[in-house]
Structure formats: structure tokens, C-alpha cells
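Since the structure comes first, as C-alpha cells, the remarks are kept for the end.
The values are calculated or read from the model by the stated rules, or taken from the named source; none is laboratory data. Just so it is clear, the structure is predicted and the values come from calculations on it, not from any experiment. Positions of Cβ are generated from backbone atoms using ideal geometry, with glycine treated the same way; all protein chains shown enter the neighbour counts.
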Amino acid sequence: MKRNTLPRLLGLFVGLAIVGNPAWAVDSVTRRSTEKIAAGEVTSVTRDEVVVTPKVGSATTIPANDIVKIEWEGAPPALNLAVGQELGGNLANALNGYKEAQEEAGSSSNSNMKADIQFLVARATARLAMQQNAGFDEAATLLDQFVERYRDHYRFYEAQLLRGNVAIGQGEYGAADSAFSSVSRSPFPDYQMAAKIGNAKTLLARKDLQGAKSAFDEVAGMSASTPLELSRKLEAMLGQATCLQMQSQYEPAAKILDEVIRESSPDDTQLQAEAYVRQGECYSAIGENTMQAIMAYLHVDVVPSLAREQEYHAEALYQLSQLWPVVNQPARAAEAAARLEQQYPESEWTKKLGGQ
């Protein structure tokens with residue numbers, strides 16, 4: 001036997017042993033900071049981190065704020081399909097898929113996976129409520145149940161951020177303050193920035209425009225050493241622009257929004273979609289900038305990744321239906337209105353189109 005054949009055979013036997021051992025779980029963790037997947041068994045889950053232990057080699061500790069998703073060994077088929085639906089912006093279908101997965105996973109002994117699915121049901125419900133501006137009470141209940149039951153879970157801070165935003169939608173500002181306060185105590189700078197942004201949004205909902213602007217200014221003035229921190233900084237700048245719009249300062253707001261669009265990652269689609277919509281509002285308000293406004297809204301309509309942000313896509317279609325006639329394009333206005341009614345029959349923008 002050739003000398004270099006033995007190591008290869010040994011490697012093959014080890015590989016077959018791993019594959020052939022059904023007791024060995026292979027979970028996959030997708031991270032924000034690297035394209036490399038952490039594969040192995042999730043052996044520890046806390047509020048701040050997840051530990052992945054491979055069959056061979058050292059364990060990997062992943063900070064909670066760096067986790068995009070975990071693909072669990074033995075997960076119900078409906079789970080990964082629902083994740084794909086949510087990524088595609090199909091929140092209603094995603095929610096149905098998560099509920100199906102939750103039912104299928106009922107007899108599983110993997111408590112971490114079941115906790116993750118419970119969070120995903122709550123997240124989809126909350127996102128759908130914010131998209132439709134309805135159903136906040138159910139979302140709040142689901143998030144409260146998750147936080148109460150899984151206080152030491154890697155989704156804890158994300159759940160609290162959602163809870164704060166849902167509370168704003170409910171008009172329950174004390175609950176929003178409590179949720180954001182919890183997030184502010186996290187060890188991660190980006191979550192601390194997100195908590196301050198949440199406080200600013202709460203102040204804005206309370207009609208404290210100056211207080212909100214000061215809070216957004218604070219976060220926008222922070223240094224950003226990671227992509228996550230930069231995203232929060234740009235989100236705060238978006239808040240600054242919103243405050244300026246409310247003060248009828250449309251030109252400086254438009255400049256800030258242009259910077260947000262230029263500096264944000266193409267993957268940060270929610271931020272970009274909202275920035276384009278707000279930019280369209282500014283150009284419409286400035287006057288004699290109708291085509292610039294149309295171009296801003298068109299970005300959200302024609303760029304597939306932005307069109308998946310359904311809340312802003314619906315708004316963009318409505319605004320296009322109103323602006324196309326101004327530049328003598330009634331047929332395109334009718335097309336935008338028809339697509340709005342077809343794609344988003346339950347949207348507040350569709351109702352506004354019909355004068356409701």
C-alpha cells in the first residue's frame with residue numbers, strides 16, 4: 001500500500017463514522033460577520049452567545065448579535081421553507097409555515113430548536129402587525145411569552161427590540177421604555193445603539209419632536225467600528241431626517257437620506273427601502289422635483305430586494321399612482337394602482353387609494 005493512501009483511508013473511515021452515527025447532531029449557524037458557516041452541535045445557548053462544538057476540533061463561541069439563523073439538525077421541513085418565505089417578504093406565508101413547524105416539533109427533545117421556532121412565530125406575527133398596522137396585541141402577547149419563558153436565549157435582545165416597537169404601535173409607551181431599557185443593558189454596542197433609537201422612536205410617538213431629534217443625533221454622532229454598528233448609525237440618521245421632515249426642513253432631510261442610501265449595505269434592504277420612500281416624500285414636498293420623487297419611489301418598486309420590503313413597496317406604489325399623472329403618465333398611474341390593489345389588498349395604502 002502506498003504511504004499516502006493510509007491517511008486518506010483513515011479520513012474516509014472517520015467521515016463514515018460521523019455520517020453513520022445518528023446520535024451526532026449537525027447544526028449550522030449562519031453569521032453576519034463571515035460567510036463561513038459554523039457547523040457542529042449547538043451545545044450551549046445563553047442570552048449573549050451560542051457555542052457550536054464540532055465532532056473534531058475546537059468549539060466555536062458565537063456572539064448572539066452575530067447570529068442570522070440556526071439550521072437545526074432534525075428540524076421540520078416546514079421550518080426552512082418558512083425562513084425562506086420570511087426572507088422573501090412573504091410574512092403571512094412565513095407565519096403559517098412557522099406555526100406548522102411548531103406543531104411538527106412538539107414531540108422533539110430539542111428544547112433549543114423549539115424555543116427558536118417559538119421566537120420565529122412571534123417575530124413573524126410582530127413584523128406582520130407592523131406591516132399592516134394591526135394585530136399588535138397578539139404580537140405583544142407572543143413576545144411576552146417568549147421573553148418570560150426564555151430569558152437566557154440568544155434571541156432575547158432581538159425579542160425585546162421587537163416588543164418595544166410593537167408597544168409603540170399599541171400606544172403603550174411605558175412598555176416600550178421597559179423593553180428598550182432591557183436591550184440597553186446588553187453587552188453589544190449595536191444593541192445599545194438600537195435601544196437608544198427605540199427610545200427616540202418612543203419620544204417621537206409621544207410627540208416630543210425635540211427630544212426624539214436629540215436622541216437620534218446622539219446615535220448618529222457615534223463612531224461605528226462594525227457593519228452592525230454602521231447600520232444602527234444610519235438608522236439613526238434616518239430618524240434625524242424624519243424629524244427634519246416633520247419640521248418642514250425637506251432639503252436637509254433629503255441630503256441626509258442620500259447619505260444613508262449611499263453608505264448603507266445592499267443587504268440592509270429595510271433601511272434602504274424606507275430611505276428611498278422618505279426621500280420621495282422630501283422631493284415631492286420641495287416642489288418642482290416630481291421626477292426626482294418618482295425616481296426615488298421607483299427604486300423601491302423595480303429593485304427586487306427592496307420590493308420585498310412590502311410595507312414600503314406598498315407605500316411606493318401608492319405614491320407612484322399619485323405622481324405619474326403630474327408628469328402626464330396616467331397609464332402608469334393606473335398600473336401602479338392596480339398592482340397595489342392586487343399585491344396588497346389589506347394594506348392601509350390600498351385603503352387610502354380607495355378613499356377609506
#### Entry: Subset of the range 83-114 [without any contact (Cβ under 8 Å) to a residue 60 or more places away in the chain, surrounded by 16 or more Cβ atoms within 10 Å (Cβ to Cβ) and not polar (S, T, N, Q)]
VAL83, GLU86, ALA94, LEU95, GLY97, TYR98, LYS99, GLU100, ALA101, ALA105, MET113, LYS114
### Query
Taking GLN145, is it of a type outside the set (A, V, I, L, M, F, W, C) and either surrounded by fewer than 17 Cβ atoms within 10 Å (Cβ to Cβ) or assigned to a loop (DSSP other than H, G, I, E, B) (or both)?
yes
## Note on the structure
Contact list, first residue from the range 196-213 and within 11 Å of TYR173 (Cα to Cα) and in contact (Cβ under 8 Å) with a residue 24 or more places away in the chain, second anywhere and small (Gly, Ala, Ser) and crowded, with 21+ Cβ neighbours inside 10 Å, beta-carbon distance below 6 Å, six or more apart or interchain, is GLY198/GLY164; THR202/ALA176; LEU204/ALA212
### Query
Among the residues of the range 286-307, which ones are at pLDDT 95 or above, over 21 Å from ALA94 (Cβ atoms) and either crowded, with 24+ Cβ neighbours inside 10 Å or small (Gly, Ala, Ser) (or both)?
ALA293, ALA296, TYR297
### Task
Go through the range 229-284 and count every residue that is of a type in the set (D, E, K, R), out of contact with any Ser or Thr (no Cβ under 7 Å at 6 or more places or on another chain) and within 25 Å of TRP349 (Cβ to Cβ).
4
### Task
Hey, can you tell me all the residues within the range 148-193 that are of a type in the set (D, E, K, R) and either free of Cβ contacts under 8 Å to residues at least 40 places away in the same chain or outside any loop (DSSP other than H, G, I, E, B) (or both)?
GLU148, ARG149, GLU158, ARG163, GLU172, ASP177, ARG185, ASP190
### Task
Search the range 308-340 for residues being at pLDDT 95 or above and over 23 Å from ALA285 (Cα atoms), and hand back the single one that is farthest from the chain's Cα centre (by Cα).
ALA331
### Task
Filter the range 214-233 down to residues that are without any contact (Cβ under 8 Å) to a residue 40 or more places away in the chain, part of a helix (DSSP H, G or I) and of a type outside the set (S, T, N, Q), then give me how many there are.
7
### Residues satisfying the stated conditions in the range 167-192, i.e. of a type in the set (S, T, N, Q) and more than 21 Å from ALA134 (Cα to Cα)
SER178, SER181, SER182, SER184, SER186, GLN192
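Residue-wise test of (1) more than 19 Å from MET246 (Cα to Cα); (2) of a type in the set (A, V, I, L, M, F, W, C); (3) under 18 Å from the mean Cα position of the chain (by Cα); (4) surrounded by 16 or more Cβ atoms within 10 Å (Cβ to Cβ).
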site	(1), (2), (3), (4)
ALA129	yes, yes, yes, yes
GLN132	yes, no, yes, yes
SER182	yes, no, no, yes
ALA220	no, yes, no, yes
